[in-house]
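The values are calculated or read from the model by the stated rules, or taken from the named source; none is laboratory data. All of these numbers come straight from a predicted model, not from anything done at the bench. Every residue, glycine among them, receives a Cβ derived from its backbone with ideal geometry; neighbour counts consider all protein chains shown. What goes into the accessible areas is simple: the full protein's heavy atoms, side chains included, and nothing from ligands, DNA or RNA. Shrake-Rupley method; radii C 1.70, N 1.55, O 1.52, S 1.80 Å.
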Amino acid sequence: MKTLKFKLYQHKRNRFLKRSINAAGVIYNHCIALHKRYYRMWGKHLNCGKLQAHIAKIRKRNPFWQSVGSQAVQDVCQRIEKAYQLFFKHNKKGVRPPGFKKVKKYKSFTLKQAGYKFLGSNRVKIGQKVYQYWKSREIEGKVKTLTIKRTPLGELFLVVVVDDCFEPEVKSTTGNIAGFDFGLKTFLTCSDGTTIVSPQFLKQSLNAIKIANRHHSKKLKGSSNRERARKNLARAHEDIANRRTDWFWKLAHDLTDRFDVLCFETLNLKGMKRLWGRKVSDLALRDFLDILEWVASKLGKQVVYIDQWYPSSKICSCCGHVLESLDLSVREWRCPVCQSVNGRDENAAKNIQTVGASMVGLGDVRQSETAIAV
């Protein structure tokens, strides 16, 4: 599957799409209320099929709900079902059940087989109305779903999922393999000794965010000035996200041009956020890895992950000696066996490279049973 995103032209008819998103938000909250009521009465989870049939009957009597297509209503029920299944599976890890959402903050609705039609050029028919969008690329493949997404600024985007028949082959263009260690001071430390420092976009714009937030909180609730201040705040956050994403894409292309196999360590990012908070969120390692995996799959490169419990920092990359303990504050240590001086991050990157190479058959290393590859 491949996802394409296009921005809709600003037009007064866009209010119909925004009205449909609001209606989808109302239906979502109604379904959440039914789930909670059903559990209080019967002590069981409400089946998704029963919920869809019940909502379909109510929708026939409610003109406002009919502004959303029937398949979009089914998708709302399926979203809730998926959220509950994740809650049942990972509730011990802190995952919470789905709750009510503000209708104004509800983001999107999804159409599957019906309810839309691409008319050629840059036009799409949704419901009974035709909309134009910025066609930045051709839509190749069979369209599976179409999602209308609303941003906090009120802009609308088309998110198109197509069935991509392209099957990339693993290519070897550089013959290089590298391991990378994630850190707070240094975004990535490469096994070849180079370091990549994150610009920390949120930290750069923190003063602007504070000023915009202060202006928003001082405005009278419900006034046009408060809405204008809210948009200014949302625009500041969107600018940070766009700059970070742009940097991620450029970095991903740079790394895939330099290396054929890229090895990373699986990390508990949620636990790291509890310890170091905003800084881990600002670095956004998971978002970067998602982009890197996409670029690597298109170029035929490999991204390998080793287990988070592999002691990459405590193993000497020269002789393989394993330390019993290594405090986090120790950034450099001397091996008691071979007397080599190991920098914590660079040593970990070299060990990650060694274990990753053993996973793809490019080398052999002890303790490689803890590594995983995707």
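Return the Rg/Rh value of the chain, two decimal places, where both radii are evaluated on C-alpha atoms and Rh is the Kirkwood radius.
On the way: Rg = 25.0 Å, Rh = 24.4 Å.
Ratio of gyration radius to Kirkwood radius for the chain: 1.02.
Under the rule a/c < 1.5 gives rounded, and otherwise a/b versus b/c splits prolate from oblate, where does region 1-51 land using the Cα gyration tensor?
Oblate, because a/c is 1.5 or more while a/b does not exceed b/c.
To the nearest 0.05, how large is the calculated FRET efficiency for Val337 and Thr174 if R₀ is 30 Å and r is the Cβ-Cβ distance?
Working from the Cβ atoms, E equals 0.35.
For region 94-185, rounded, prolate or oblate, judged on the Cα gyration tensor with a ≥ b ≥ c (square roots of eigenvalues), a/c < 1.5 rounded, else prolate if a/b > b/c?
Since a/c reaches 1.5 but b/c is at least a/b, the shape of region 94-185 is classed as oblate.
Would you work out the charge dipole size for region 151-240 about its Cα centre, treating the Cβ of every Lys and Arg as +1 and the Cβ of every Asp and Glu as -1, and quote it to the nearest 20 debye? Working shown, then result.
Details: 13 positive and 10 negative charges, 274 e Å.
Here the size comes out at about 1320 debye.
Could you work out the relative contact order of region 4-146, using alpha carbon pairs under 8 angstrom and six or more residues apart, expressed as a whole percent? Intermediate results must be reported in sequence, preceding the final value.
Values: 139 pairs, mean separation 45.1, N = 143.
Over region 4-146, the number comes to 32 percent.
Let me have the relative contact order for region 125-268, percent, based on Cα pairs under 8 Å that are six or more residues apart.
Values: 130 pairs, mean separation 34.0, N = 144.
It rounds to 24 percent for region 125-268.
How many lysine pairs in region 213-316, separated by 8 or more positions in sequence or lying on different chains, have Cα atoms less than 26 Å apart?
13
What helices in the chain pass both tests, a Cα length along the helix axis of 24 Å or more and a mean Kyte hydropathy of -1.0 or higher, using whole DSSP H runs?
Correct list, ordered by number: 14-42, 70-90.
Placing +1 on the Cβ of each Lys and Arg and -1 on the Cβ of each Asp and Glu in region 1-104, which of Ser20, Ala33, Phe6 has its Cα farthest towards the positive end of the resulting dipole?
The one lying farthest along the dipole's positive direction is Phe6.
With +1 on each Lys and Arg Cβ and -1 on each Asp and Glu Cβ, how big is the dipole of the chain about its Cα centre, in debye rounded to the nearest 20?
In debye, rounded to 20, the chain gives about 3980.
In region 121-219, which chymotrypsin sites (Phe, Trp or Tyr not before Pro) are in a loop and have at most 13 other Cβ atoms within 10 Å, using DSSP for the loop call? Walk me through the numbers on the way to the answer.
Working: sites: Tyr131, Tyr133, Trp134, Phe157, Phe166, Phe180, Phe182, Phe187, Phe201; in loops: Trp134, Phe166, Phe187.
Hits after loop and neighbour filter: Trp134, Phe166.
Rounded to the nearest 10 Å², what accessible area does Glu227 show when all protein chains are kept and the probe is 1.4 Å?
80 Å²
Any chance you could get the radius of gyration and Dmax over the Cα atoms of region 1-151, in Å?
Just the Cα atoms of region 1-151 yield Rg and Dmax of 17.0, 53 Å.
Given the protein chains as shown and a 1.4 Å probe, how many square angstrom of His253 are accessible, to the nearest 10?
About 80 Å², rounded to the nearest 10.
Under 1.5 on a/c is rounded, so check that first for region 240-287, then, if it is not, pick prolate when a/b is larger than b/c and oblate when it is not; a ≥ b ≥ c are the square roots of the alpha carbon gyration tensor eigenvalues. Please report the intermediate quantities before stating the final value.
Details: a/c = 4.19, a/b = 1.42, b/c = 2.96.
Oblate.
Normalised by the residues of the chain, what does the relative contact order come to in percent, with Cα pairs under 8 Å and at least six apart? Intermediate results must be reported in sequence, preceding the final value.
Values: 534 pairs, mean separation 57.1, N = 374.
That works out to 15 percent.
With point charges of +1 on the Cβ of Lys and Arg and -1 on the Cβ of Asp and Glu, referenced to the Cα centre of region 218-268, which listed residue (Phe264, Gly222, Trp247) lies farthest in the positive direction of the dipole?
The one lying farthest along the dipole's positive direction is Gly222.
Once you put a point 7 Å from the Cα of Arg278 and another 7 Å from the Cα of Lys149, both along the Cβ direction, what distance in nm separates them?
2.6 nm
With only alpha-carbon pairs counted, each pair once and no self-pairs, how large is the Kirkwood hydrodynamic radius of region 277-362 in angstroms?
14.9 Å
Is there a quick way to get the dipole size of region 235-306? I mean about its Cα centre, with the Cβ of Lys and Arg at +1 and of Asp and Glu at -1; what is the value in debye to the nearest 20?
Its charge dipole is roughly 340 debye.
What 222 nm value per residue comes from the helices of the chain, counting each DSSP H run with n ≥ 4 as -39,500 (n - 2.57) and dividing by all residues, nearest 500 deg cm²/dmol? Each step should come with its number before you reach the end.
On the way: 10 runs with 160 residues, N = 374.
The helix-only estimate for the chain comes to -14000 deg cm²/dmol at 222 nm.
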